[in-house]
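Okay, so here's the structure we're looking at.
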Amino acid sequence: MAAGWGRAESTVTKLFLAAVFALGLLAQFVKPIGDALEGKVYLGGALLTVVGYVLYSEVQRLNAAHATQRENEEALDQVVRRLDDEVQRLNTVLRPTGGAGVTPSELEREFKEALEAGGEVRLTAMGFTGETFAVPLKNILQSLGADPLRTVSLRVLVPDFTKEIEVPGQVGSGGKISDAPDFREHLRRQIAEHASSLRSQIGRMAVARRGTLKVEFRILHMSPSLKLYFINNDVVYEGIYDRLDLRPDPSNTTPAVGDGNLLDLIGYDSLLTRWSLDGGDHAREIIRRRRELFETLWNVAHELTPT
């Protein structure tokens, strides 16, 4: 019955008010009806009461609708918060714990997350030629959405292959290693190409309103052994070049027996160890020491000059 009355109330009220209006209109022009209604004070008060009831009911209905809407919004907000908490929990579960070994693909994924989040992003690398840093980053930078407020700073520290070095180098007939000038020149050109590739994104990001980009390459006379990657000041990935490749030197066309082999370092598929600030005191100490190591080397290194 309550449901039926709720559906019929609006129609009944409208008919009643229409009848009252028609009666008042007739009373104005039809004298017998006007005389009959004249002096009916109680009838007028009753009609005002009915009108007041209708207005009161409408206000109650609007208040109820507003309360329902507010409850729905609060319920939706709670659902969103629960979903966000669940996403954070899953990220925590799926993301490697401090000191866990991960593949370079995990590093690339975290590069992308940091850049897509926007704001101020600082990415730093130390490695062999910078290939595992520059190649994926170029693709990520090109796929970013518009965000004029994004600022990206890239720093890369690599060996100075303009100077003699033994590792990587050339193994002679006596089984001892020495400098390989042609191979060094090949590596130097590779580094220059990676630096140019990243710097080419500076203008493209500005034109596409994807943010501002700063790229710095520095060189230091050292043999590459350790690879380091920093994401802001929060996360560090580290690894080593744990594979050696002994192969013929393509630039040596007339090698002697057992001579002319190149000893090269391979690290593109090396496992990396991830450390983050939320990994506890040990992880934070590792990050501090790796940062101190890198900053010391970076400050004494020379700027890579275009050639």
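The values are calculated or read from the model by the stated rules, or taken from the named source; none is laboratory data. A quick note: this is a predicted structure, and the numbers were derived from the prediction, not measured. Note that each Cβ is placed from the backbone with ideal geometry, even for glycine, and that neighbours are counted across all protein chains shown. The accessibility values were calculated without ligands, DNA or RNA, using every heavy atom of the protein model including side chains. Shrake-Rupley method; radii C 1.70, N 1.55, O 1.52, S 1.80 Å.
Computed with a 1.4 Å probe over protein heavy atoms only, the accessible surface of region 164-234 comes to 49 Å² per residue.
Considering only alpha-carbon pairs that sit under 8 angstrom and 6 or more positions apart, the relative contact order computed for region 135-268 is 32 percent. Spin-label model, Arg204/Asn233: points 7 Å from Cα along the beta carbon direction are separated by 3.2 nm. Shown is the FRET efficiency for His186 and His302, computed with R0 = 22 Å from the Cβ-Cβ distance and rounded to the nearest 0.05: 0.65. When all protein chains stay in place and ligands, DNA and RNA are ignored, the 1.4 Å accessible-area order of Glu120, Glu185, largest first, is Glu120, Glu185. Modelled label positions at Glu164 and Gln78, each set 7 Å beyond Cα in the direction of Cβ, lie 7.6 nm from each other. Remark: accessible surface ordering of Lys138, Lys214 (largest first) is Lys214, Lys138, probe radius 1.4 Å. Calculated from the alpha-carbon coordinates, region 203-244 shows an Rg and a Dmax of 15.5, 43 Å respectively. With equal scatterers on the alpha carbons only and no solvent term, can you work out the Debye log10 of I(q)/I(0) for region 167-307 at 0.16, 0.17 1/Å? Log-scaled intensity ratios, in q order: -1.06, -1.13. Using a cutoff of 8 angstrom between alpha carbon atoms and counting only pairs six or more residues apart, the relative contact order for region 92-207 works out to 27 percent.
Kirkwood radius and radius of gyration were both taken over the C-alpha atoms of region 173-243, and their ratio Rg/Rh is 1.09.
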